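Only one structure is covered here, and it is reproduced in the block below.
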Amino acid sequence: MAKQQPTPSSSESIDVVWLKKDVRLHDHAPLSLIAASASPRRRCIILYLYEPDQLSEKTVHGSHIGFINEGLVDLDLRLSGQQRGAAVVAEDSDIILYQHQFQCLTVAHAGAAFTLQTLHRQCPINQILCHMESSHLKSFARDKAVRRWCRANSVPIKEFNQTGVTRCLFNRDDFSTNFNRFLDQPMPKTPTAEQLLMMRRRLIDIDEEGIRLHGICKSPIKPSDIQEIPLEHRSDRAHRQNGGEDKALDLLQSFLSRRGANYSSGISSPNTSWTTGSRLSPYLTWGHISLRYVIVTTKTRQEELRAAKKASSVPTPWLRSLASFQSRMHWRSHFLQKLETQPSLEKQDQCLAFSHLRRQPNDFCQEHFDAWCEGRTGFPFVDASMRCLIQCGWLNFRMRAMLVSFATYNLWMDWKRIAAHLARVFLDYEPGIHYPQLQMQAGTTGINAMRVYNVTKQGKDQDPNGVFIRKYVPELQNVPNEYIHEPQNMPVSVQRKCRVFISNGESKGGSAGLRSIFQPIEQSTTGKHDPPDTSDFVYYYPSPIVDEKSSAKTAKDQMAAVRKQENTKTEAEQVLTTHGSRRSRSADRDGAKPKALSSAVKRVKVDKGQRSLLNSWKAVSPEQPIRKDSFQSQVGLQKNTVVEQSTFSNRSGSTTKAAEAAGSSPSMEKFLIQKEVSDTGLSKTKEWSCKMCTYLNEKPWALACSICGSERQG
């Protein structure tokens, strides 16, 4: 469909909508402003760039480009007045997608500042409208270069917030306030059909107007044609999700109406999370749906469910599941803010005291790294998880964390070594989540507990019958459930019966990587090259490349030794000041920062004005008989002393004994009271929301958030 516009003047200034990771029509401030412009004759251009400097980033993969291309075509069709763009694209991406001719978008394979300068020389730019982006260091450098160019050429650039992240926020003092203010703002209106028609008439057709731009693209670029991406990373993933705003909106609707009821109970297992999870993460990453739209739409659905609950006594898991989902949406921006505040997290440890670990001359083993990357470590659940990512580009959060834990603890690999590979296999690679989470799982933040997964136990817990393993590790398809998680324990007789051989080294015939590896039991004596009979083939699977228990213990010992050092604690306190929770400054607080590294013991100063635990409990439940035997040891200690307070639960979920302190801050005291009341069966506390990152914690007696490590408040 040809663009319609009046004949322009070469001196006529234009508005530029610069698309980055915001390829959508809804909740899009730049497009909304252009569509509703009070200057109907103001010419405009909607620009998307395949930027060479961004494409050369080692985290880029062909699957990312394919997903981006589907979003571009979907938006172009929407702007052209065709609403079902993504459905058309999904029919045959190889034919329809790359034959599409851009009608409303101007797309080029060139750098941002260079393209803007070229355009500005031929057609003066009135203003640039775009969304703020919090991404990797090359993206930060690109944005700085564009802003420098804008200042030098007196071109206004307006960057709109789309994630709730605050620029130049050097600590967490105002994050929650700013984020809530962002959510409360009305969303930009989606352009109407009439507005889109008027906007199309104002769009510049660079061919008709003789504007020359370097690297102009009439159709999407195939990943295989992008020279900036290494050849081995240009391929697509066979079973990844398809991109586009249309797909994203359909997924959100199906999640809120059907699939989301069992979100809380289903997201931990790789078998159930495919349907109970929202599956919106790649669309949020690449901007095919906005975070605010998801949160606001979910909130509306929650209100409907609450109203329905009042009219019905039938219990439903919906409200719990959507509350958990909402907490993870808030959690997303919490981590984006970490990278925005400290971009160096991409390159260096958050707590520098850990910088020497995993980086000594003999720490890195190339064979272990290759085995981990290809899914042939000899640990079936680990291998299935990695191969799932390689095929699909998606995996639930718990299994991703397990892969990082196994690599950084059992294989003792530097998190920076594994970062690029994981970014390429994650279709939803988001730098702001990627790097802080890698460091958290690797234990280099200084303010979080060590997260060392027992990968065999995880497999038995989350995939007890080996369904997930057999799907992605077909070598083990005939292995009985008894041995599916530890095939190295199979007797030789069982191996023969299952026709699988557990090797001590490399699999015969090559890597076990992405496909079933098999070799004939007996070589043919006919000398002919007829297709072999698969009944005469045996599968090969490697034995474990490390001893799981001993490697984990060695790693934990090394980490613990560093954590105990005084300089580590000092640096951890600095990390907490920058990224941790902001404590209340009310009079009943002593103002001291919590000990960042204290996972089992917290030191709490008792104020004169604090009541004893016994008296506080009386005030909460005056009608109930007092269990003096439970509280007697907690009464009568001197005030203005420092006491040791044991936490109620550790990271593995095992419960420890209650605190033996006589007093604490009011919030701590409240939790101690609730714990004792629960022990008597008088009440039961449910999950609680972190004041800092808003994550919905499911451990009712935890004194710190399991995601951000902030102390529990309120």
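Here are the numbers:
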item: Stretchable slack from residue 168 to residue 299, in nm (0.36 nm times residue separation minus alpha-carbon distance); result: 44.2 nm
item: Qualifying trypsin sites (Lys or Arg not before Pro) for the range 328-405 [loop in DSSP, other Cβ within 10 Å: at most 16]; result: 347, 359
item: Carbon and sulfur %, accessible surface of the range 219-346 computed with the full protein complex present, 1.4 Å; result: 54
item: When each of 247/338; 158/247; 189/299 is checked by Cα-Cα distance, pairs over 27 Å; result: 247/338; 158/247
item: Overall form of the range 409-501 per C-alpha gyration tensor (a/c, 1.5; a/b vs b/c); result: prolate
item: Accessible surface, per residue, of the range 235-381 when the full set of protein chains is kept, probe 1.4 Å, Å²; result: 39
item: Highest to lowest packing among 138-147, 28-37, scored as the average C-beta count within 10 Å; result: 28-37, 138-147
item: Burial ranking of peptide ranges 467-474, 203-210 (average Cβ count within 10 Å, highest at the top); result: 467-474, 203-210
item: Cα centroid separation - the range 240-305 against the range 362-405, whole Å; result: 25
item: Extended-chain gain in nm, criterion 0.36 nm per residue less alpha-carbon gap, residue 312 and residue 553; result: 81.6 nm
item: Förster radius 22 Å - calculated FRET efficiency between residue 154 and residue 207, Cβ distance, rounded to 0.05; result: 0.15
item: Burial ranking of peptide ranges 479-489, 544-554 (average Cβ count within 10 Å, highest at the top); result: 479-489, 544-554
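The values are calculated or read from the model by the stated rules, or taken from the named source; none is laboratory data. Note that the structure is predicted; figures quoted are calculated from it, not measured. When we count neighbours, we look across all protein chains shown, and the Cβ atoms used for this are built from the backbone with ideal geometry, even at glycine. Accessible surface is based on the protein model in full, side chains and every heavy atom, while ligands, DNA and RNA are left aside. Shrake-Rupley method; radii C 1.70, N 1.55, O 1.52, S 1.80 Å.
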